[in-house]
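The values are calculated or read from the model by the stated rules, or taken from the named source; none is laboratory data. All values derive from a computational prediction rather than experimental measurement. Neighbour counts run over all protein chains shown; Cβ positions are idealised from the backbone, glycine included.
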Amino acid sequence: MDLKILSGGAANGLVTRLTPAFTEATGMGIGGDFGAVGGMRDRVVAGEPVDAIILTRTIVDALALGGHVDPATIADVGRVATAIAVREGDTVPDVASPEALKAALLAADAVYVPDTVKSTAGIHFAGVLDALGVADVLADRIRGFPNGQTAMAAMAAGEDRNPIGCTQITEIVNTPGVVSCGALPEPHGLATVYTAAVALRGEAGDAARTLIALLTAPENANARSAAGFA
(Lines give C-alpha, C1' and ligand atoms only; values in the text may rest on other atoms or scores of the structure.)
Protein backbone atom coordinates (compact mmCIF):
# COMPACT_ATOMS: atom_id res chain seq x y z
CA MET A 1 0.00 0.00 0.00
CA ASP A 2 1.23 3.48 -0.84
CA LEU A 3 0.64 6.70 1.02
CA LYS A 4 -1.06 9.04 -1.43
CA ILE A 5 0.17 12.62 -1.52
CA LEU A 6 -0.60 15.65 -3.65
CA SER A 7 2.33 18.04 -3.63
CA GLY A 8 3.84 21.02 -5.30
CA GLY A 9 6.74 20.05 -7.54
CA ALA A 10 9.09 21.88 -5.18
CA ALA A 11 8.93 19.00 -2.68
CA ASN A 12 9.58 16.17 -5.14
CA GLY A 13 13.30 15.88 -4.49
CA LEU A 14 12.96 16.00 -0.71
CA VAL A 15 10.19 13.39 -0.63
CA THR A 16 12.31 11.12 -2.83
CA ARG A 17 15.28 11.49 -0.48
CA LEU A 18 13.18 10.60 2.56
CA THR A 19 11.11 7.78 1.04
CA PRO A 20 13.49 5.01 2.23
CA ALA A 21 13.22 6.26 5.82
CA PHE A 22 9.45 6.49 5.49
CA THR A 23 9.22 2.94 4.12
CA GLU A 24 11.42 1.64 6.92
CA ALA A 25 9.18 3.31 9.51
CA THR A 26 5.81 2.36 8.02
CA GLY A 27 6.27 -0.46 5.53
CA MET A 28 4.55 1.71 2.92
CA GLY A 29 5.67 3.38 -0.26
CA ILE A 30 4.71 6.87 -1.41
CA GLY A 31 2.48 7.49 -4.40
CA GLY A 32 0.62 10.48 -5.76
CA ASP A 33 1.46 13.46 -7.89
CA PHE A 34 3.76 16.48 -7.89
CA GLY A 35 2.69 19.49 -9.91
CA ALA A 36 1.50 23.06 -9.98
CA VAL A 37 0.13 23.95 -6.56
CA GLY A 38 -3.05 25.43 -7.98
CA GLY A 39 -3.85 22.18 -9.73
CA MET A 40 -3.14 20.13 -6.61
CA ARG A 41 -5.37 22.44 -4.55
CA ASP A 42 -8.20 22.06 -7.05
CA ARG A 43 -8.03 18.28 -6.82
CA VAL A 44 -8.20 18.36 -3.02
CA VAL A 45 -11.15 20.76 -3.07
CA ALA A 46 -12.91 18.56 -5.63
CA GLY A 47 -12.83 15.72 -3.13
CA GLU A 48 -10.04 13.51 -4.43
CA PRO A 49 -9.00 11.04 -1.70
CA VAL A 50 -5.47 11.84 -0.50
CA ASP A 51 -3.54 11.19 2.68
CA ALA A 52 -1.17 14.16 2.84
CA ILE A 53 -0.54 17.40 1.00
CA ILE A 54 2.58 19.54 0.58
CA LEU A 55 1.64 22.91 -0.86
CA THR A 56 2.31 26.57 -0.17
CA ARG A 57 1.49 27.85 3.31
CA THR A 58 -1.21 30.14 1.93
CA ILE A 59 -2.98 27.29 0.15
CA VAL A 60 -2.69 24.90 3.10
CA ASP A 61 -4.19 27.48 5.45
CA ALA A 62 -7.07 28.00 3.04
CA LEU A 63 -7.64 24.24 2.77
CA ALA A 64 -7.73 24.03 6.55
CA LEU A 65 -10.38 26.74 6.69
CA GLY A 66 -12.35 24.85 4.06
CA GLY A 67 -12.30 21.64 6.07
CA HIS A 68 -10.01 19.70 3.75
CA VAL A 69 -6.98 19.19 6.03
CA ASP A 70 -6.45 18.73 9.76
CA PRO A 71 -5.29 22.10 11.17
CA ALA A 72 -3.49 20.39 14.07
CA THR A 73 -1.12 18.65 11.63
CA ILE A 74 -0.01 21.71 9.64
CA ALA A 75 3.80 22.00 9.63
CA ASP A 76 6.15 24.16 7.56
CA VAL A 77 8.77 22.19 5.64
CA GLY A 78 10.91 25.14 4.55
CA ARG A 79 11.40 28.12 2.30
CA VAL A 80 12.17 27.76 -1.41
CA ALA A 81 13.66 30.46 -3.65
CA THR A 82 12.67 30.96 -7.28
CA ALA A 83 15.77 30.87 -9.48
CA ILE A 84 17.13 31.03 -13.01
CA ALA A 85 18.68 27.97 -14.65
CA VAL A 86 20.59 26.96 -17.77
CA ARG A 87 21.69 23.64 -19.21
CA GLU A 88 24.69 22.05 -17.61
CA GLY A 89 27.75 22.99 -19.66
CA ASP A 90 26.25 26.17 -21.10
CA THR A 91 27.61 29.58 -20.15
CA VAL A 92 26.10 30.70 -16.85
CA PRO A 93 24.84 34.27 -17.30
CA ASP A 94 24.90 37.01 -14.72
CA VAL A 95 21.41 37.39 -13.24
CA ALA A 96 22.37 39.27 -10.08
CA SER A 97 20.56 42.48 -11.01
CA PRO A 98 17.34 43.29 -12.91
CA GLU A 99 19.39 44.71 -15.78
CA ALA A 100 21.56 41.59 -15.98
CA LEU A 101 18.53 39.29 -15.83
CA LYS A 102 16.81 41.25 -18.61
CA ALA A 103 19.90 40.95 -20.81
CA ALA A 104 20.17 37.20 -20.14
CA LEU A 105 16.52 36.66 -21.01
CA LEU A 106 16.73 38.68 -24.21
CA ALA A 107 19.81 36.70 -25.26
CA ALA A 108 17.98 33.38 -24.91
CA ASP A 109 16.27 31.68 -27.82
CA ALA A 110 13.90 29.72 -25.54
CA VAL A 111 12.59 30.33 -22.03
CA TYR A 112 11.43 27.25 -20.09
CA VAL A 113 8.90 27.83 -17.31
CA PRO A 114 6.21 26.01 -15.30
CA ASP A 115 2.51 26.74 -15.72
CA THR A 116 2.05 30.52 -15.60
CA VAL A 117 -1.56 30.20 -14.38
CA LYS A 118 -1.42 27.57 -11.62
CA SER A 119 2.21 27.20 -10.50
CA THR A 120 3.82 29.46 -7.90
CA ALA A 121 7.00 30.12 -9.85
CA GLY A 122 5.24 30.41 -13.21
CA ILE A 123 2.75 33.00 -12.01
CA HIS A 124 5.51 35.01 -10.39
CA PHE A 125 7.84 34.81 -13.39
CA ALA A 126 5.12 36.03 -15.73
CA GLY A 127 4.92 39.11 -13.52
CA VAL A 128 8.69 39.53 -13.62
CA LEU A 129 8.65 39.52 -17.43
CA ASP A 130 6.03 42.25 -17.36
CA ALA A 131 8.01 44.27 -14.82
CA LEU A 132 11.16 44.00 -16.93
CA GLY A 133 9.27 45.07 -20.04
CA VAL A 134 10.14 41.93 -22.02
CA ALA A 135 6.89 39.91 -21.93
CA ASP A 136 5.87 40.81 -25.48
CA VAL A 137 9.36 40.34 -26.91
CA LEU A 138 9.73 36.91 -25.35
CA ALA A 139 6.17 35.67 -25.92
CA ASP A 140 7.13 33.42 -28.85
CA ARG A 141 10.10 31.98 -26.94
CA ILE A 142 8.20 30.86 -23.85
CA ARG A 143 8.02 27.08 -23.39
CA GLY A 144 5.42 26.25 -20.73
CA PHE A 145 5.11 22.94 -18.86
CA PRO A 146 2.85 21.53 -16.12
CA ASN A 147 5.52 21.99 -13.46
CA GLY A 148 9.06 23.23 -13.02
CA GLN A 149 10.80 19.89 -12.99
CA THR A 150 9.16 18.92 -16.27
CA ALA A 151 10.25 22.26 -17.71
CA MET A 152 13.83 21.77 -16.53
CA ALA A 153 13.99 18.21 -17.90
CA ALA A 154 12.74 19.45 -21.27
CA MET A 155 15.33 22.23 -21.30
CA ALA A 156 18.09 19.75 -20.49
CA ALA A 157 17.01 17.49 -23.36
CA GLY A 158 16.22 20.25 -25.85
CA GLU A 159 18.20 21.39 -28.87
CA ASP A 160 17.84 25.15 -28.43
CA ARG A 161 21.00 27.13 -28.99
CA ASN A 162 20.83 29.25 -25.83
CA PRO A 163 17.93 28.31 -23.56
CA ILE A 164 17.21 29.68 -20.10
CA GLY A 165 14.64 28.67 -17.51
CA CYS A 166 12.99 29.85 -14.33
CA THR A 167 11.45 27.76 -11.56
CA GLN A 168 11.96 26.99 -7.90
CA ILE A 169 15.47 26.06 -6.87
CA THR A 170 14.36 22.67 -5.54
CA GLU A 171 13.19 21.65 -9.02
CA ILE A 172 16.48 22.81 -10.54
CA VAL A 173 18.54 20.89 -7.97
CA ASN A 174 16.41 17.79 -8.53
CA THR A 175 16.82 17.74 -12.33
CA PRO A 176 19.94 16.30 -13.98
CA GLY A 177 21.37 18.36 -16.81
CA VAL A 178 20.56 21.84 -15.52
CA VAL A 179 22.33 24.20 -13.14
CA SER A 180 21.22 27.24 -11.20
CA CYS A 181 22.42 30.71 -12.15
CA GLY A 182 21.14 32.14 -8.88
CA ALA A 183 17.91 33.37 -7.35
CA LEU A 184 15.84 36.06 -9.02
CA PRO A 185 17.34 39.44 -8.11
CA GLU A 186 15.54 41.93 -5.92
CA PRO A 187 13.03 43.46 -6.20
CA HIS A 188 11.87 40.46 -8.25
CA GLY A 189 12.81 37.69 -5.82
CA LEU A 190 10.34 35.17 -4.48
CA ALA A 191 10.82 32.79 -1.55
CA THR A 192 7.86 30.50 -0.90
CA VAL A 193 7.12 28.58 2.28
CA TYR A 194 6.00 25.01 1.63
CA THR A 195 3.83 23.34 4.23
CA ALA A 196 2.59 19.80 4.86
CA ALA A 197 -0.67 18.62 6.41
CA VAL A 198 -2.78 15.50 6.83
CA ALA A 199 -5.79 15.48 4.52
CA LEU A 200 -9.15 14.63 6.06
CA ARG A 201 -10.34 12.31 3.27
CA GLY A 202 -7.36 9.98 3.49
CA GLU A 203 -7.17 6.48 4.95
CA ALA A 204 -3.62 6.55 6.29
CA GLY A 205 -3.51 9.43 8.75
CA ASP A 206 -0.87 7.87 11.01
CA ALA A 207 1.46 7.22 8.09
CA ALA A 208 0.85 10.76 6.83
CA ARG A 209 1.90 12.08 10.23
CA THR A 210 5.05 9.98 10.01
CA LEU A 211 5.92 11.51 6.64
CA ILE A 212 5.37 15.03 7.96
CA ALA A 213 7.56 14.28 10.96
CA LEU A 214 10.34 13.12 8.63
CA LEU A 215 9.97 16.16 6.36
CA THR A 216 10.29 18.57 9.27
CA ALA A 217 12.62 16.72 11.67
CA PRO A 218 15.71 18.67 12.83
CA GLU A 219 17.89 15.66 12.04
CA ASN A 220 16.82 15.89 8.39
CA ALA A 221 17.97 19.50 8.00
CA ASN A 222 20.82 18.40 5.72
CA ALA A 223 18.39 16.55 3.46
CA ARG A 224 16.20 19.65 3.22
CA SER A 225 19.21 21.82 2.44
CA ALA A 226 20.51 19.39 -0.22
CA ALA A 227 17.06 19.39 -1.83
CA GLY A 228 17.04 23.21 -2.03
CA PHE A 229 15.02 24.17 1.04
CA ALA A 230 16.21 26.94 3.34
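Which condition from (1) in the same structural domain as T58 (by TED's automatic domain parsing); (2) surrounded by 21 or more Cβ atoms within 10 Å (Cβ to Cβ); (3) not in a helix (DSSP H, G or I) is the one that R201 breaks?
R201 satisfies every listed condition except (2).
Might you let me know whether the range 176-193 holds any residue that is in contact with a Ser or Thr (Cβ under 6 Å, 6 or more places away or on another chain) and over 30 Å from L138 (Cβ atoms)? Write out each step before concluding.
Kept after step one, since they are in contact with a Ser or Thr (Cβ under 6 Å, 6 or more places away or on another chain), are these residues of the range 176-193: 184-185, 190, 192.
The next check asks that each one be over 30 Å from L138 (Cβ atoms); those that pass are none.
Taking every residue of the range 176-193 in turn, none turns out to be in contact with a Ser or Thr (Cβ under 6 Å, 6 or more places away or on another chain) and over 30 Å from L138 (Cβ atoms).
For the range 99-118, check the following and say yes or no: at least one residue is in contact with a Ser or Thr (Cβ under 9 Å, 6 or more places away or on another chain), of a type outside the set (K, R) and farther than 30 Å from R209 by Cβ.
Yes.
Among (1) in the same structural domain as R17 (by TED's automatic domain parsing); (2) in a loop (DSSP other than H, G, I, E, B); (3) among the charged types (D, E, K, R), which single condition is D206 missing?
Tallying (1) in the same structural domain as R17 (by TED's automatic domain parsing); (2) in a loop (DSSP other than H, G, I, E, B); (3) among the charged types (D, E, K, R), D206 fails exactly one: (2).
If the Cβ limit is 8 Å and pairs must be 6+ apart or interchain, which residue in the range 178-195 that is in a loop (DSSP other than H, G, I, E, B) pairs with which residue that is of a type in the set (S, T, N, Q)?
Final answer for the pair search is L184/T82; P185/S97; G189/T82; L190/T82; L190/T120.
Mind listing just one residue for me: the one in the range 77-103 that is surrounded by fewer than 19 Cβ atoms within 10 Å (Cβ to Cβ) and closer than 20 Å to A153 by Cα and, of those, nearest to the chain's Cα centre (by Cα)?
E88
Counting only residues that are assigned by TED's automatic domain parsing to the domain that holds D115, give me the strands (runs of 3 or more DSSP E) lying completely in the range 6-97 with at least 2 of them.
75-87
Can you tell me which residues in the range 147-177 are farther than 17 Å from F34 by Cβ, in contact with a strand residue (DSSP E or B) (Cβ under 6 Å, 6 or more places away or on another chain) and among the hydrophobic types (A, V, I, L, M, F, W, C)?
M155, A156, I164, C166
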